[in-house]
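Contents: one structure, followed by commentary.
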Amino acid sequence: MLRRSRFRDLISRQLDLFERQNAGDIAEAQSRLDAYNAGDRDEAEELYGDYVDAVDVVKDALEEIRDTYARTLDEETREDYEREFERTLAKRFPPFAL
């Protein structure tokens, strides 16, 4: 039997808000990936580095969201929340999974 996560709705709302507030950063990461994929072999290392930097900006924002809420929880509950956050994030935004 599948059980519903007690954090599912909360995490969904957190990621919805994140997506609206950070649309530019998400688009920038995609743009950097597109540039890497379309770039010349000579520029590949630099373009990939630019992509990784853009992804790191998004990941930092996601970690801040996760950690800010997690600090309000007891240790056992925090572990459950963080696990569910990361699982949901990996499904919704795979390039930014923590």
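Determine the shape class of region 57-98: with a ≥ b ≥ c the square roots of the Cα gyration tensor eigenvalues, call it rounded for a/c under 1.5, and otherwise prolate if a/b is greater than b/c, oblate otherwise. Because a/c hits 1.5 or more and a/b fails to exceed b/c, region 57-98 counts as oblate. Calculate the FRET efficiency for GLU86 and GLU43 from the Cβ-Cβ distance with a Förster distance of 41 Å, rounded to the nearest 0.05. E(calc), rounded to 0.05, equals 0.80. Under the rule a/c < 1.5 gives rounded, and otherwise a/b versus b/c splits prolate from oblate, where does region 8-96 land using the Cα gyration tensor? It comes out prolate by the Cα gyration axes.
We did not get these values from a lab; they are worked out from the coordinates using the rules stated. The structure displayed is predicted, hence computed values, not measured ones. Cβ: placed from backbone, ideal geometry, glycine included. Neighbour counts: every protein chain shown.
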